[in-house]
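Colleague: So that we are looking at the same thing, I have put the structure below in structure tokens.
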Amino acid sequence: MKAVPIRIASAFTLVFALSAGLPVARAAVPEPPAPGLARTAPDTSHFLPRWLHLHASGGFGWIASPTQIRQRYEPGQDFEFGLETRMRKTFRLRLNGEYQILPALGIAKYTFVTFTDPEGNQARDTVSFDWRQRGWLGAARLEGQWRALPHTWLLAGVGRGYLSAGVRAFHIADPFASLDVQFPGSSGWAWITSAGARYDFDMFGPVLGAELRWSTLDRPQDRLQTWSIRLGWLGR
């Protein structure tokens, strides 16, 4: 019978404490642990350093001059791939690799002087060239691009390349044997300088660019000039 008065006294004590604003002991409620730092997943979208970007382009190119060499080839596919660094918002530097196909078609004859006697009489000989094989141009070029207007870039570069003429030289005395001779349009190494313009535009995400480029190939036996039109892709 004594438990009832004790419970009534405890209830009165609790009511008095709440009305007086006294602190009341309560059971401790466990708080949720503080969230730890989430682990950042590694960024696998870039396998190159942040300051390097990929780019690629493809289109058509052709030899513009000299005329006697231009007539030997048709326009062919032109491809480019390389790296670039964007040093400023208005300037970027590229290292490009280029491969151009030169479909060759034709047969030509090259007449040269083999001997001149004391009286000035000349002995001439003829070498024939069969241009029915496919030629190609491979080059590496360092190029700078400067943004002159919004989305419009001016290009200038210099590099080194090799022209494979896709030609077989032979003498009429032995048409099955090939001759290793140097002549205008023959295979060989060249220094390449180039200039052009590019217009960048955004189409559904990727940055694309339409490009027009002029190049000259300086070699001991000739000086070739080429043009190319390409559509390029610019990496993020």
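Colleague: Report the net charge of residues surrounding GLY59, where surrounding means a beta-carbon distance below 10 angstrom and charges are Lys +1, Arg +1, Asp -1, Glu -1.
Modeller: After counting each charged neighbour, the total is -1.
Colleague: Here's something else I'd like to know. Could you calculate, for region 53-97, the ratio of the Cα radius of gyration to the Kirkwood radius, expressed as Rg to Rh?
Modeller: That ratio is 1.20, to two decimals.
Colleague: In addition: Quick query: amide H of GLN182 versus all other amide H atoms, modeled in the peptide plane; which residues come in under 5 Å with a sequence gap of 5 or more or a different chain?
Modeller: HN-HN under 5 Å from GLN182: empty list.
Colleague: Test of understanding: ordering TRP136, TRP146, TRP51 by Cβ neighbours within 10 Å, fewest first, what list do you get?
Modeller: So the ranking, lowest neighbour count to highest, is TRP51, TRP146, TRP136.
Quick note: the coordinates plus some simple rules give every number you see, no bench work behind them. Note that the structure is predicted; figures quoted are calculated from it, not measured. Because the Cβ atoms are built from the backbone with ideal geometry, glycine has one as well, and the counts that use them run over all protein chains shown.
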